[in-house]
Structures are given as structure tokens and as C-alpha cells.
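Contents: one structure, followed by commentary.
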Amino acid sequence: MGGDDSGLESDNFDWNTEDELEIQNYNSSSSCLTLPNGDAVTGSGEASSSAVLANSKVLDHFVSMGFSREMVSKVIQEYGEENEDKLLEELLTYKALESSSRPLQRIEPDPCSSENAGSSWDDFSDTDIFSDDEEIAKTMSENDDTLRSLVKMGYKQVEALIAIERLGPNASLEELVDFIGVAQMAKAEDALLPPQEKLQYNDYAKSNKRRLYDYEVLGRKKPRGCEKKILNEDDEDAEALHLPNPMIGFGVPTESSFITHRRLPEDAIGPPYFYYENVALAPKGVWQTISRFLYDVEPEFVDSKFFCAAARKRGYIHNLPIQNRFPLLPLPPRTIHEAFPLTKKWWPSWDIRTKLNCLQTCIGSAKLTERIRKAVEIYDEDPPESVQKYVLHQCRKWNLVWVGRNKVAPLEPDEVETLLGFPRNHTRGGGISRTDRYKSLGNSFQVDTVAYHLSVLKEMYPNGINLLSLFSGIGGAEVALHRLGIPLKNVVSVEKSEVNRNIVRSWWEQTNQKGNLYDMDDVRELDGDRLEQLMSTFGGFDLIVGGSPCNNLAGSNRVSRDGLEGKESSLFFDYFRILDLVKNMSAKYR
DNA sequence: AGTACCATGAATTCTAAC
DNA sequence: GTTAGAATTCATGGTACT
């Protein structure tokens, strides 16, 4: 099958040609935060020496997050090292109680371990962030009092922080408690309940009571005729979030129907601009919840089959203008035959597919393609309908294409790259396995689709943008902006997978980027202090992009399709937490 | 009724180092 | 040849839409 792919090299994306720069001397060893010249921000020597000396990797991990060695030791002693989440929770609580007694001080390095504690980001001069801003200091002090109260009431610090950030400094304790209650309802309680009640709580996500909460407790504007609609069951939400057919969002380049105006909720209006992505076909209520957290912005549901030859139904929530969008050129081929001309020769007339289904993280096995070959080859002409049906079903299920007589095959990784709008070999090399390439690609953006939405930024930021990229994966947003010709000034890229970070780093160097790429591995470590340090360094973010994990939302998941409160997908709340922090902090940089 | 779905985990096979 | 670890194969429903 590999031989049949050679003809694909004729496709004419030209954006590889500018990417032939020599790889400069670069040290990619740091898994934490790395400067473009390869120096870890921590001062890599110090950080690594402490790692060698420390008897506990976990201890070091938390110390590097800014907690004092003494405090971390104590907590580890108490709870063991296994459950890092629990440890973090405890540390945050201690920190909250400590800081509320001296609200103006930021995390203080432990004098006993000043060589590393809390110093990870000291290269960013941040000593005067708050010093001449009494207003902010006052607000933060008040927030700390509130925070302490909430923590004392038994709420998790993270949840309390989110509530304070979301409702603002003037929110009463009662409002905050209510907010946390509802957030917990969406996130935590579900898992504790038996299946039957679980359903009720999922329904609760769009219930009248919930909506009343939104408009009254959160102080959001009631829509006209609200009282009537509240009596009217779920019509409003159901209508608002109904998947469009055709799934073209506010418009795609290849269809004539466009929406050119929309009214954003006031809280959502940027800058900073944000762009959130996840699977469109999530369990019921999920998009309602996501939309509610993201300032009530209506999701834009788009199927990438209008941009390329493969379907990819996704929902996007963003506060970007939607006028004067333009697509990347050349427009990618939008049928299987155009994308893979060599398959045409072998394509049976009874395989009526013209588009591929969604590119996923796994591929069909060699055994399966062999079974199909045997099933088809015993017939001189078209196989009987039952065989056709079986083969077509498997081809649809596994996205198989015809690469020889009676021979089907899954797409090669480079073909998937091309379909998704990435440079060929984007995920190749660097020790990544074939399986992992499929996995990384299957979790990625479709670049042309995202670029179309982001294209409006080009005339707004002719000198480039500062990008915060959460759950970066293989850098779909970065590639999209680059292909749009939008200079990337400073990019903070947060991605858990090391191979993915390496892919983005390699791409960054090969494309001769002039800006700076900082990478981190865990969104949960990106707190207000670190954001403040980053934003003060280069003056805030213009765009916050993120597609949070879909594992617990995706239809393919048989095991743990638990909704937004699932293990991975609940990281959406970190996207919101960070976005809200950046939004609140951005006033200073405008 | 038919269709699609950014998946997970156990079992199995493959690979490379010894 | 043994073996540990990595890569691959396979079985696994259910939801929410057309």
C-alpha cells in the first residue's frame, strides 16, 4: 500500500518551502518551561542538581511549583506520594490559609531552599507587579479573606478560586457558595450517584431551576420573555444548541450560506480573544455547560468535511469577529478521489463514499484488511450485496481506502497529516511510534477549519500576536496562525505529552520562527502567579486557544464516557479557570 | 432503521538488548 | 535463547443524531 501513496507527493501545498532553516543549537531537555534558546527558565543547572539531590521526585515537583520544601515534606508525610491530586489540594489549602494572613505577599521562596523554591520563573522580573497598584492589591486582599472563608467552610480552594474569579470581587459569600454548589453538581456529584439519579443530574444541566440560577444568582441578563420560556421546559436551550444541518457554523468558504453578524454577551467581548474546541457530538448537556462557563457564547458547530476530504464534527466557542473571514489557500481537496487520486483506479463502483469519516486515534488492523481482501477477491465481478454491505461497513468504520485490486488499507500517518492541514512529516521522527502519530493526529485540530476562524486576526494584529495555547497537542493553532501569515511573537504552549511538545518544538525551529516559544506540561500548574509573570514579560495575551480533552465525551469511548466531569475532560474547567484569569488580568495591559 | 463517533484496556505479538 | 518493554491487535456499547 505504501507504493500507492507516491502519487500523493504531487499535491501542491507550498508552505514547506519556507521551512528549510537549519536547526539551531537547541536544548530540548526541559520538560517544564523552556526558553527558545534552550535555557530552562529555572536556570536548568540548578533545577537539575536539585532533582539529583532530592530523595523524592514528587517533592521536587511540588517545590518547583513554588511550595516550600517544608510544607511539601509535611504533606507527603501525611498523605504519601501516590495521590498527587490530593497533595496539590492540601498544599493549595495550606497556601491559601497562609497567604490570607499576609495578603500582599506572593509565594515566598523557602529561605532554606532558595536555590529553587518558587524561583522557576524568577527570570521574569515581577517584583513590582503589584507594588504600584493599590487597587488591585486591595481587591486581592479582599479576595483572600473571602477565599479563606470559603476554604474554612470546607470548599476546595480551586473551586473557591474559580467562583471568585467568575463572579468578581463584589460577589457576596452567598453567591459564591451557590456558584460552587452548581459547579460541583456538574463536575463531582455525578460520579457519586447511582445511574438512575445520574440521569436526573444530567438533565438538571438544562433544567428550569438551573436556568433560574443563571439569571438570578449569577446576575446575568434575562432574555426577553424569560418568565414564559422558563415555564416552557427545555425548548430554549435545545433550540439554542441544536446541531445545525448542514453543520457549517457561521459559514464556511465552500457554501453560500453565511451568518455575518452575531451579538456576543458583554462579558465575552475581547480582547483578549479566546477559541475553545471540542467534539460536537458530546453527551447531552455538555455543550450547554461549556457555553455557560464560557460567558454564554453560542457554540459554532462546524464539520471539517467542508474544508477537507474527511469529516470532523466539532464545536467551537470563541469571541472572534465572524466578518471577513478567509480560508487558507490553496483550498484542500474535498473528496477522497481528489485527495487520493491513485485510489480511483481500484475504487469499486459500489463503494459510494466520497468523504472519509472522522480521523480517529486508532486505525484498522492488517488482519482486517486481509479479511476484506479474501472476502472480495473470490468474486470475478461485484460481490453480492451482503458482502458489499460488510465491506462498506468496515471501510466506513475504519476509514479504509482502496489501494490495490481487492485491497483496502488504512491511511498512512502522512496522509492524515495532509488531510488535517499539517505539513507532511509534521509528526514524524523524534522517536515517535507510528501508533502514537495516529494518536496525536487523531486528537488534533483540522488546521484549515481553525485557520478560517482565526483569519480575522490577521488585519487586527499585523505585527503578530501573543498566544496562550492550552492542550496544544501537535500545535494545530500554531500551524494555523503561521499558515495565515500571522507572526507569532510569544507563544506559551501547554501540553502534557512530551512527544507532542517535541513535535511543536521541531516545527517551531524548522519554520524559522522569530518569536519565542515557551512550553509547559500541565495546565494545572499554570496559576495566577505564573500567568502574571508571563504577561508582565510580554504584555499580555492576544489569543487563548484550547481544545480540552474529549476522552470522556467522545462517542468512541466504550469505557468512560462520563461527560465533562470525567477524569480527562474535566480539564475543561482549567481552560475556563486560566481564560478567566487572563481576562481579568488583561485590563492592566490594554 | 441506519449511521457515526479526537477511545480504552487486556491480550498478543514484535523488538532489541543481554 | 531469554526477557523486558514497546507496539499492535482485538473486543468492547451506547448515545445522539439523520
Point to revise | Listed residue pairs exceeding 19 Å between alpha carbons, taken from A:Lys345/A:Lys397; A:Lys313/A:Lys344; A:Lys496/A:Lys588; A:Lys305/A:Lys355; A:Lys313/A:Lys355; A:Lys284/A:Lys439 | key: A:Lys345/A:Lys397; A:Lys313/A:Lys344; A:Lys496/A:Lys588; A:Lys284/A:Lys439
Revision key, fill the gap. Nearest-0.05 FRET efficiency for A:Tyr390 and A:Arg424 at R0 = 35 Å, using Cβ-Cβ distance, is 0.60
Study note, to complete from the structure: Hydrodynamic calc, region A:400-451: Kirkwood Rh from Cα pairs, then Stokes-Einstein at 37 °C with viscosity 0.692 mPa s, so D in µm² s⁻¹ is 276
Practice item. At 0.36 nm per residue, minus the direct Cα-Cα distance, what do A:Glu498 and A:Asp522 gain on full extension? Give it in nm, one decimal, please. Key: 7.6 nm
Check your understanding: Semi-axes of the equivalent ellipsoid of region A:534-586: what are they in whole Å, largest first, if each equals the square root of 5 times a C-alpha gyration tensor eigenvalue?
Key -> 30, 10, 7
Revision key, fill the gap. Heavy-atom accessible area with a 1.4 angstrom probe orders A:Met247, A:Met460, most exposed first, as A:Met460, A:Met247
Review point. Mind listing the phi-derived Karplus ³J(HN,Hα) values for region A:359-369, rounded to whole Hz, using 6.51, -1.76 and 1.60 with θ = phi - 60°, and x for any glycine or proline?
Key: 6, 10, 8, 10, 10, x, 7, 4, 4, 5, 5
Review point. In whole angstrom, how far apart do the alpha carbon centroids of region A:239-285 and region A:502-519 sit?
Key: 30
Check your understanding: On alpha-carbon atoms, Rg over Rh for region A:315-424 using Kirkwood Rh?
Key -> 1.07
Check your understanding: How much length is gained if the chain between A:Asn357 and A:Arg371 is pulled fully straight, taking 0.36 nm per residue apart and subtracting their Cα-Cα distance, in nm to one decimal?
Key -> 2.9 nm
Point to revise | Amide H contacts of A:Leu543 (H built 1.01 Å from N, under 5 Å, at least 5 apart or other chain) | key: A:Tyr273, A:Asn466, A:Leu468
Point to revise | Beta bridge orientation in region A:404-533: antiparallel %, DSSP, nearest 5 | key: 10
Revision key, fill the gap. The answer for region A:273-344, accessible area per residue at 1.4 Å probe in Å², is 33
Review point. Region A:389-493: percent of C-alpha pairs farther apart than 21 Å?
Key: 46
Check your understanding: Spin-label point model (7 Å from Cα, Cβ direction): what's the A:Ser433 to A:Asn512 distance in nm?
Key -> 3.7
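The values are calculated or read from the model by the stated rules, or taken from the named source; none is laboratory data. Everything quoted here is computed from the prediction, not taken from an experiment. Cβ coordinates were reconstructed from backbone atoms using ideal geometry, including for glycine residues, and neighbour counts include every protein chain displayed. Accessible surface is based on the protein model in full, side chains and every heavy atom, while ligands, DNA and RNA are left aside. Shrake-Rupley method; radii C 1.70, N 1.55, O 1.52, S 1.80 Å.
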